[in-house]
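Structure first, commentary second.
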Amino acid sequence: MASAMAAEKPEWPEAGDLVIATIESVTDFGAYAKLDEYGKRGLLHVSEISSSWIRNIRVFVREDQKVVLKVLRVDVEKGHIDLSLRRVTKRERIEKMLVWKKDRKAEALLRSVAEKTGMSVGEVYAKAGALVEKEYGLYDGFEKVVKEDIEVLTKIGVPEQIATAFAEVAKERIHVPLVKVKGVIELRCAKPNGVNIIKEAFTNAKKTEKSKVGKFHFYVIAAPRYCVEAMADNYKSAEDLLQKVAESVISHVDKAGGQGTFRREK
């Protein structure tokens, strides 16, 4: 993005950096590649394409292909950048591609925030994006808003108007997959108002166990058995929430003179 975000990146990469590049032309001695994040051109020499013998260079690289390359040398005065494909591990390639894709998504989301607020992208970045990027990472900040709410932005100094637009864009454009866990609560209460006590236990749990990390709901299987489901973006958070909710319900019934048990379901 030719915006304030781009201004944050150095003009030249450094030796050892991993870069996203587009192969522009392929020759017998290697390939020329454009470094997408810098707008510079570099040389991928044939000796740096593969550790194995190369019969046909185009088996490894072809025009318009997106690749992750390692920067070997940078000569700013001559404008030369030497690159390597063979020195990039599979893990490095996957991780760099993921980061790059997240950055591109974040830039698109930031443009949508700018449209919503009537500001320029540079203005939104200066007032909010830079704060979010520093605290969470820009794309991760958008995801965090979906999972929690605008407080994650306002507490780090993002103006409420922009934070609201961030939240709206995030909820429209980002789907955060949730994992679901469930268990069965058995409740018995022989008191005359036992049915009401059990209802109160669930109502109380809904009020007191509101969670920023996930959500939950109950339904009747067949009295005295009730199912509770908890959903969060990871299993530990979902399990913790499930346990907390079950303990809250059972504790309420126990205090009122009833009994309750909980069983985690696979």
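Report the local net charge at LYS182: Lys and Arg +1, Asp and Glu -1, summed over other residues whose C-beta lies under 15 Å from its C-beta.
+2
Roughly how many debye, to the nearest 20, is the charge dipole of the chain about its Cα centre, given +1 on each Lys and Arg Cβ, -1 on each Asp and Glu Cβ, and no other charges?
In debye, rounded to 20, the chain gives about 1180.
Ordered by packing density, taken as the mean number of other Cβ atoms within 10 Å over each peptide's residues, highest first, how do 83-95, 55-67 rank?
Ranking, from highest mean packing down: 83-95, 55-67.
May I ask for the angle, rounded to the nearest 10°, between helix 235-255 and the longest principal axis of the chain, with both axes built from Cα atoms and the value confined to 0 to 90°?
For helix 235-255, the angle is close to 10 degrees.
Taking only the alpha-carbon atoms of the range 198-266, what semi-axes of the equivalent ellipsoid follow from 5 times the gyration tensor eigenvalues under a square root, in whole Å, largest first? Intermediate values should be presented prior to the final figure.
Working: eigenvalues 80, 35, 21 Å².
After diagonalising the Cα gyration tensor, the semi-axes are 20, 13, 10 Å.
If you place +1 on the Cβ of every Lys and Arg and -1 on the Cβ of every Asp and Glu, how big does the dipole about the Cα centre of the range 17-88 come out, in debye to the nearest 20? Please report the intermediate quantities before stating the final value.
Values: 12 positive and 11 negative charges, 47 e Å.
It comes to approximately 220 debye.
With no solvent and one equal point scatterer placed on each C-alpha of the chain, evaluate the Debye formula and give log10 I(q)/I(0) for q = 0.14, 0.15 Å⁻¹, two decimals.
One equal scatterer on each Cα of the chain leads to -0.97, -1.03.
If each DSSP helix of 4+ residues adds -39,500 (n - 2.57) and the sum is divided by the residues in the chain, what number results at 222 nm, nearest 500 deg cm²/dmol?
Numbers: 9 runs with 107 residues, N = 266.
Rounded to the nearest 500, it is -12500 deg cm²/dmol.
Using a Gaussian network model of the chain whose springs link C-alpha atoms within less than 10 Å, name the residue from ALA33, ALA15, ALA190 with the highest mean-square fluctuation.
Of ALA33, ALA15, ALA190, the Gaussian network model singles out ALA190 as fluctuating most.
Comparing ALA246, ALA31, ALA256, which has the greatest mean-square fluctuation in the GNM of the chain with Cα pairs linked when under 10 Å apart?
It is ALA256.
Every number in this text was worked out from the coordinates using simple rules, so none of it is lab data. Computed from a predicted model, the values in this text were never measured in an experiment. Positions of Cβ are generated from backbone atoms using ideal geometry, with glycine treated the same way; all protein chains shown enter the neighbour counts.
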